[in-house]
Amino acid sequence: MSELPNQHMTTQRLTVQQLCSDTSPWLSKRPAASKANPLVGQQRALRAIAHAQAIHGHYAHVFAVIPGGMDAVQTFAAIAETQNWSSQDLHDWVYVVNPDDEAQPICLHLPAGSSKAIIERLWALLDTEPNERAPLLNSLQEQFNWPPLNRYLQRIADKSFADLPGNELANIVVTQDSERPWHYCPRVTEAELFGQIRLQTIAGTVSSELHLIQPGALLKANGGTLVIDAEQLLRQGEYWQRLKHILKTGEFSWNQPEQAAAYYAPQPVPIKLKVILAGGRALLAQLRDLDADFTNLFPYLADFTEHYSTRVNKVEDYYDYLAYLAQRVQHRPLSESGLHRLLTISSSYTEHQDELSLDTIQLQQLLEEADAIAGKAHSQRIEESHLLQAVACAHEREHYLAELSRQGILEAQVKIDTDGEYVGQINGLTVVTMGGSEFGEPSRITATVHYGDGDIIDIERKSELSGNIHTKGVMILMAYLANLFAGKDPMPLSATLVFEQSYHEVDGDSASLAELCSLVSALSDTPIKQALAVTGAIDQFGNVQAIGGVNEKIEGFYQLCKQRGFSPGQGVIIPRSNQVNLHLSDQLIQSVETGEFSIFTIEHVKDAFELLMKTPCGTPNEFSSDTLFGRINCRIRQAQHHDVDKPRWKFWAGN
């Protein structure tokens, strides 16, 4: 980092190498071969699921926090295979006729994959005269020797078809031919999750029979693992309550068909399975806050992430994730430059220079569009230019509102100065949310000072356009000023602060630094360079703290300066702690390299004061007109001892 002359050690002008991720170390660690793996970087979540799978009981289920860009089906399929989820408790589930009551079919669980053969043997057994069944009965019991089956055989040992009620022998509700240890329920309805007993109408009578019993995901997964979309489940409160009851009791009972003319109640099914609710973090917070049963039933949190930290994890493993993406997208091979650009873009999605993205859907969309562009260019590989074009196309689609808003500034309908110097006026960097889009844009913040009792009037708050966090930020900067200049005596000056031409709610504390600078400018009567825009939160001691949306804010001011035509000294001031979040566009980086635009990082408000007002701060106790704090102290002393007979307007005019 290069030092600015006559500046604090905490003020630094960033070089081009510090404005985005350095992919060279990542490229140098590229392995010779990679194996597709969608679970890269998910060790925390995988350990939680593995622990839960090893514990059997009613109160050991899992809530999985699934990021929006993750493919849940492929992820859990890979986990089941990697962890070798057990299938030993999987069984076929069959309803057979109850010899005593047609309306209460008997539930049998049979060895996985055996139900069809057993029912065929039962059919043959009942089709044989009772006194000739011994060989068939012995053969059936020897082959399967299954206690539930043996008990049922005893009940029908001397029965014939004519002795059994109804017209059906059995319905194979679930068969585990593939022995798949898990099922996914993405669409939660009663039929999809719990199953249903359908109805039929015969001669005007509504009734149910064995073949009308249909299973849901709960029975299909019985003995294994069931993954449920939590948001879909919670949309229907009665389904959530029913699921909790089943998990607590370990028993599933069918709902009685409402329109049936006669009572029909199949025997309840014993339930033994692991449930994984897959949903977002906000839903997890709501469940923990509002449902006392949730924490008891779902104590295991599997927290999946969209970010891959190259500080914590091996970069080599990320290439396995890229191989998974290539397998999923089936795109052309990446050239060396294409891979470099993909890593750069992937890191930019995380807004951290030491992290790479695991947002599968977002990266898939990028690669699909780049592959299509490469196809139109008849290229055998995806080059860097194809990825850059894909990013540019996405930017064009999303930034129409940003261009409209910037047009208002360029046409002077919204006043934003990007050169010159003004007292009490500064360009604060903001992120605007409008119509589903987010973009960075400078906002003109002004401050005026008048005789008073030390109060700072936040016009946004007075007009009820200030959010709680913004109000807190204003109170913090008031505390900073009071700590400096009102430690012993009350400050006889008051001030007003406002976001000019702002007609929507202002929230967040990222404008605190800019607001404080405009106040110091107004108090000291020292002009601020309008070529520099500012963002940053502060604490009561003047330390500058990190903010969000730093890239959007910088890009917004840069585009305005570029479209107006660069003038000397233009740039932005950001918190030092946000440097690691920088992922700026190639054109902005080029402008920094040529000196058209600068990015400064600071750690304390004094650094911003001196950059913006080109005057040393001095000490809070001095009265020198050569320092900012000295000028403020002189003005305060003048206000404390001014002639009471002198008209107020003459005092402020300095006459």
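The values are calculated or read from the model by the stated rules, or taken from the named source; none is laboratory data. Here the structure is a predicted model, which is why all the values come from computation and not from measurement. Note that each Cβ is placed from the backbone with ideal geometry, even for glycine, and that neighbours are counted across all protein chains shown. Surface areas here come from the heavy atoms of the whole protein model, side chains and all, with no ligands, DNA or RNA. Shrake-Rupley method; radii C 1.70, N 1.55, O 1.52, S 1.80 Å.
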Query raised in the report: Of 223, 429, 37, which is farthest on the positive side of the dipole of the chain, counting Cα position, with +1 on Lys and Arg Cβ, -1 on Asp and Glu Cβ, and the Cα centre as origin?
Result: 429
Query - Cα shape, the stretch 508-552, gyration tensor, a/c 1.5 rule - result: oblate
Report summary line: Taking the dipole of the stretch 55-135 about the Cα centre (Lys, Arg +1; Asp, Glu -1; charges at Cβ), the one of 105, 78, 119 that reaches farthest to the positive side is 78
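Arrange the residues 159, 314 by how much accessible surface each exposes, largest first, with a 1.4 angstrom probe. Don't skip to the answer; put the middle values down first.
Numbers: 159 55, 314 125 Å².
Result of the area sort, largest leading: 314, 159.
For the stretch 497-591, state which GluC sites (Glu not before Pro) are in a DSSP loop and have at most 12 other beta carbons lying within 10 Å of their beta carbon. Don't skip to the end; give the middle numbers.
Numbers: sites: 500, 505, 515, 552, 555; in loops: 500, 505.
Passing sites in the stretch 497-591 are 505.
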**Report entry** Span from the the stretch 504-554 Cα centroid across to the the stretch 602-634 one, whole angstrom
**Finding:** 16
Query - Which of 520, 391 is most accessible, then next, and so on - probe 1.4 Å - result: 391, 520
Query raised in the report: Roughly how big is the stretch 237-352's charge dipole about its Cα centre, with Cβ charges of +1 (Lys, Arg) and -1 (Asp, Glu), in debye to the nearest 20?
Result: 180
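Is the stretch 281-409 best put as rounded, prolate or oblate by its Cα gyration tensor, with a ≥ b ≥ c the root eigenvalues, rounded for a/c under 1.5, and otherwise prolate when a/b is larger than b/c, oblate when not?
On the way: a/c = 2.40, a/b = 1.47, b/c = 1.63.
Here the stretch 281-409 falls in the oblate category.
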Report summary line: Residue separation between residue 641 and residue 396 times 0.36 nm, minus their alpha-carbon distance, gives in nm 82.2 nm
Query raised in the report: Within the P(r) computed for the chain, what percentage of the Cα pairs occupies the region above 49 Å?
Result: 39
Query raised in the report: When all protein chains stay in place, what accessible area (Å², nearest 10, 1.4 Å probe) is found for residue 30?
Result: 120
Query raised in the report: So what's the angle, to the nearest 10 degrees on a 0 to 90 scale, between helix 468-485 and the longest Cα principal axis of the chain?
Result: 30
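Within the stretch 1-100, what whole-number % of the accessible surface is contributed by carbon and sulfur, with the 1.4 Å probe and all protein chains included in the calculation?
Numbers: 2490 of 4980 Å².
Percent of accessible area from carbon and sulfur atoms in the stretch 1-100: 50.
Suppose every K and R has +1 on its Cβ and every D and E has -1 on its Cβ; what is the size of the dipole of the chain about the Cα centre, in Debye to the nearest 20?
Numbers: 52 positive and 79 negative charges, 187 e Å.
With Lys and Arg at +1 and Asp and Glu at -1, about 900 debye.
Compute the relative contact order of the chain as a whole-number percentage, counting only Cα pairs closer than 8 Å that sit 6 or more residues apart in sequence. Please report the intermediate quantities before stating the final value.
Numbers: 1201 pairs, mean separation 96.8, N = 655.
Result for the chain is 15 percent.
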Query raised in the report: Largest first, how would 470, 58, 51, 331 line up by accessible area (1.4 Å probe)?
Result: 51, 58, 331, 470
Query raised in the report: For the stretch 479-568, which trypsin sites (Lys or Arg not before Pro) are in a loop by DSSP, counting at most 11 other Cβ atoms within 10 Å?
Result: 488
Report task. Choose one of 591, 633, 609: the residue whose Cα lies farthest towards the positive end of the charge dipole of the stretch 589-640 (beta-carbon charges +1 Lys, Arg; -1 Asp, Glu; about the Cα centre). Result -> 633
Requested in this report: With everything on Cα atoms, drop me the angle between helix 512-524 and the longest principal axis of the chain, reported from 0 to 90° to the nearest 10.
Outcome: 10
Query - Exposed chymotrypsin sites (Phe, Trp or Tyr not before Pro) absent - longest run of the chain, DSSP non-H/G/I/E/B, at most 12 other C-beta within 10 Å - result: 1-262
**Report entry** Listed residue pairs exceeding 25 Å between alpha carbons, taken from 415/562; 529/606; 462/606; 529/553; 462/488
**Finding:** 462/606; 462/488
Query raised in the report: Roughly how many debye, to the nearest 20, is the charge dipole of the stretch 318-452 about its Cα centre, given +1 on each Lys and Arg Cβ, -1 on each Asp and Glu Cβ, and no other charges?
Result: 260
